[in-house]
Amino acid sequence: MSEYYIKKLKSQEMGSPTLNPDGTYKFHRGRYILITKEGLDFFPHLSSIVLNDSTAIPIKPQFSDNLVYAQYVYHNSLLIPDEQKIGVSDRNEHRLYLNNDLDDNKKYFLPNDILVFEKMREGDMVYFNMNLFSPHDWTQYNILDKILGGKTTVIYDGELDFLQHSAVNSDTVIVNDKKVIAAIGHQQEQVIQSGENDTSSTEELMGASLFNSRSFRDFVMLAYDYKCAITRQVISCNGFINLEAAHIKPQAHNGVFLPCNGIAMSRDLHFAFDKGFFTLTPDLRVLIHDDVLRTDSYINQFNNAQIFVPQVDYFRPREEFLIHHREHVFGSFRQIRSI
């Protein structure tokens, strides 16, 4: 039995469109999906005490094989003390914002369309399968309209066997929206602060809602432009790539799935990094271990080389994780074990 969030879209959230003479639409405001109270337990939790708390939600649209991240925001300024919300309008609503990767040239979402979200799992990742039906999709639309029963939104437990469930592309993630990237950084900082304050469980610190093994790889590859941070090279063909997302503080040492704990490396350099053949200095230069330097290993050529540094600050390697690697992994020359 599956659970679905079913919603009929309204004019205001769809940008109050008007029809042009040529049959196209003119939109008069930004476009978003209003998440009503029925959907608050369906989607990730956002804080009522953090001003305009936000996260990024992975969505699999029916018209794409890619996983697209969208910004999800709790506009909660109505609940926040005045001194914390200078210049912010009073609101109390959750919005999932449409970006161009979800809504290519504003051609997919119109008032009275019915949207269906289905929560999906792939390993430790939760994502949302999304199907959209217009009144032209007569049979499916009427089934959904009857389920709504005159309401705008419902949570439905049952089976909808006409939904599309195409596979998620294993190598492609779409994060082109600056606000989405900012939301990823915002959530990362919250996870880090929770760890520093020792207020969360290990599972929460691993970032189960947004940060998991799949998104870790996606965000790290994005941060390093799909190239090795050390060689700036990549071997890629027909969907296969020789890059991996290396944990700085290893998973076996409770290393988190945060972008700032990852570096894109070719597979051989990832192997050497995990075994302690080399580490990174505070200024992000490669430091090869003396035992390795006494060999003729080809990685010796990278000693003291500056790695590529991500342009987005919060994707850059965090010093506390680098310190851990230097103190607990560098020079170990063994399989990583728990400490």
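Any idea which residue in the stretch 208-223 is modelled with the highest pLDDT, counting only those that are assigned to a loop (DSSP other than H, G, I, E, B) and buried (at least 23 other Cβ atoms within 10 Å of the Cβ)?
The selected residue is Phe211.
In the stretch 317-330, which residues are within 23 Å of the chain's Cα centre (by Cα) and farther than 15 Å from Met265 by Cβ?
Hits for the stretch 317-330 are Arg318, Glu319, Glu320.
Tell me which residues, restricted to the stretch 141-157, are among the charged types (D, E, K, R) and either part of a strand (DSSP E or B) or surrounded by 16 or more Cβ atoms within 10 Å (Cβ to Cβ) (or both).
Hits for the stretch 141-157 are Asp145, Asp157.
Confirm whether Ser89 is farther than 19 Å from Tyr4 by Cβ, at pLDDT 85 or above and of a type outside the set (A, V, I, L, M).
Taking the combined requirement at face value, the residue does not satisfy it.
If Ser2 satisfies every condition in (1) buried (at least 17 other Cβ atoms within 10 Å of the Cβ); (2) of a type outside the set (Val, Ile, Thr); (3) more than 20 Å from the chain's Cα centre (by Cα) but one, which is the exception?
Condition not satisfied by Ser2: (1).
The rows are residues; the columns are (1) modelled with pLDDT under 95; (2) over 19 Å from Val126 (Cα atoms).
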site	(1), (2)
Gly23	yes, yes
Ile33	no, yes
Asp41	yes, no
Leu78	yes, yes
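Check the stretch 158-175 and report whether any residue there is buried (at least 16 other Cβ atoms within 10 Å of the Cβ), acidic (Asp, Glu) and over 27 Å from the mean Cα position of the chain (by Cα).
No, the stretch 158-175 contains no residue that is buried (at least 16 other Cβ atoms within 10 Å of the Cβ), acidic (Asp, Glu) and over 27 Å from the mean Cα position of the chain (by Cα).
Output the qualifying pairs, or none if there are none: Cβ atoms under 9 angstrom, residues six or more apart or on different chains, first residue in the stretch 19-33 and more than 15 Å from Asn105 (Cα to Cα), second residue in a loop (DSSP other than H, G, I, E, B) and among the aromatic types (Phe, Trp, Tyr).
Here the result reads Ile33/Phe109, each pair linking the stretch 19-33 to a residue that is in a loop (DSSP other than H, G, I, E, B) and among the aromatic types (Phe, Trp, Tyr).
For Asp101, work out the one condition from (1) buried (at least 17 other Cβ atoms within 10 Å of the Cβ); (2) of a type outside the set (A, V, I, L, M); (3) in contact with a Leu (Cβ under 9 Å, 6 or more places away or on another chain) it doesn't fulfil.
With (1) buried (at least 17 other Cβ atoms within 10 Å of the Cβ); (2) of a type outside the set (A, V, I, L, M); (3) in contact with a Leu (Cβ under 9 Å, 6 or more places away or on another chain) applied to Asp101, the lone miss is (3).
Yes or no: the stretch 252-260 includes at least one residue that is farther than 13 Å from Ile230 by Cα, surrounded by 17 or more Cβ atoms within 10 Å (Cβ to Cβ), among the aliphatic types (A, V, I, L, M) and under 25 Å from the mean Cα position of the chain (by Cα).
Yes: one or more hits.
Give the stretch 35-67 a look and list any residue that's part of a strand (DSSP E or B) and not charged (D, E, K, R), or say none. Show your work before the answer.
Initial filter on the stretch 35-67 (part of a strand (DSSP E or B)): 35, 54-61, 67.
Selection gives Ile35, Ser54, Thr55, Ala56, Ile57, Pro58, Ile59, Pro61, Leu67.
Within the stretch 261-289, restricting attention to residues that are β-branched (Val, Ile, Thr) and either assigned to a helix (DSSP H, G or I) or surrounded by fewer than 23 Cβ atoms within 10 Å (Cβ to Cβ) (or both), which residue is farthest from the chain's Cα centre (by Cα)? I'd like the intermediate steps shown before the answer.
Step one: filter the stretch 261-289 for residues β-branched (Val, Ile, Thr), giving 263, 279, 281, 286, 288.
Pick out the ones that are also either assigned to a helix (DSSP H, G or I) or surrounded by fewer than 23 Cβ atoms within 10 Å (Cβ to Cβ) (or both) and you get 279, 281, 286, 288.
Values: Thr279: 27, Thr281: 28, Val286: 29, Ile288: 33 Å.
Looking at residues that are β-branched (Val, Ile, Thr) and either assigned to a helix (DSSP H, G or I) or surrounded by fewer than 23 Cβ atoms within 10 Å (Cβ to Cβ) (or both), I get Ile288.
Specify the residue that is nearest to Gln311 (Cα to Cα); the eligible residues are those in the stretch 224-240 that are surrounded by 15 or more Cβ atoms within 10 Å (Cβ to Cβ) and touching a residue at least 40 places away in the same chain (Cβ under 8 Å).
Just the residues of the stretch 224-240 that are surrounded by 15 or more Cβ atoms within 10 Å (Cβ to Cβ), to begin with: 224, 227-231, 234.
After this cut, where a residue has to be touching a residue at least 40 places away in the same chain (Cβ under 8 Å) as well, the list is 224, 227-231.
On the way: Tyr224: 9, Lys227: 14, Cys228: 15, Ala229: 12, Ile230: 15, Thr231: 17 Å.
For the stretch 224-240, the residue satisfying everything is Tyr224.
Residues in the stretch 119-139: is at least one among the basic types (Lys, Arg) and not in a strand (DSSP E or B)?
Looking through the stretch 119-139, none of the residues is among the basic types (Lys, Arg) and not in a strand (DSSP E or B).
Specify which of the listed residues (Ser64, Ser54) is at pLDDT below 90, polar (S, T, N, Q) and surrounded by 15 or more Cβ atoms within 10 Å (Cβ to Cβ).
Ser64
Kindly evaluate Arg91 against the criterion of being surrounded by 18 or more Cβ atoms within 10 Å (Cβ to Cβ) and over 19 Å from the mean Cα position of the chain (by Cα).
Details: surrounded by 18 or more Cβ atoms within 10 Å (Cβ to Cβ): no; over 19 Å from the mean Cα position of the chain (by Cα): yes.
No.
I need a count of the residues in the stretch 294-316 that are within 32 Å of the chain's Cα centre (by Cα) and part of a loop (DSSP other than H, G, I, E, B).
Of all residues in the stretch 294-316, those within 32 Å of the chain's Cα centre (by Cα) come to 302, 305-316.
After this cut, where a residue has to be part of a loop (DSSP other than H, G, I, E, B) as well, the list is 305, 307-312, 316.
Final tally of qualifying residues: 8.
Here is a list: Asp22, Asp113, Asp53, Asp103. Which entry is closer than 21 Å to Leu144 by Cα and among the charged types (D, E, K, R)? Reasoning before the result, please.
Details: Asp22 fails: closer than 21 Å to Leu144 by Cα; Asp53 fails: closer than 21 Å to Leu144 by Cα; Asp103 fails: closer than 21 Å to Leu144 by Cα.
From the options Asp22, Asp113, Asp53, Asp103, the qualifying one is Asp113.
I want to confirm something. Restricting to the stretch 155-174 and keeping residues that are among the hydrophobic types (A, V, I, L, M, F, W, C) and modelled with pLDDT of 80 or more, which single residue is farthest from Thr139 (Cα to Cα)?
In this case the residue turns out to be Ile155.
The values are calculated or read from the model by the stated rules, or taken from the named source; none is laboratory data. None of these values were measured; they are calculated from a predicted model. Cβ coordinates were reconstructed from backbone atoms using ideal geometry, including for glycine residues, and neighbour counts include every protein chain displayed.
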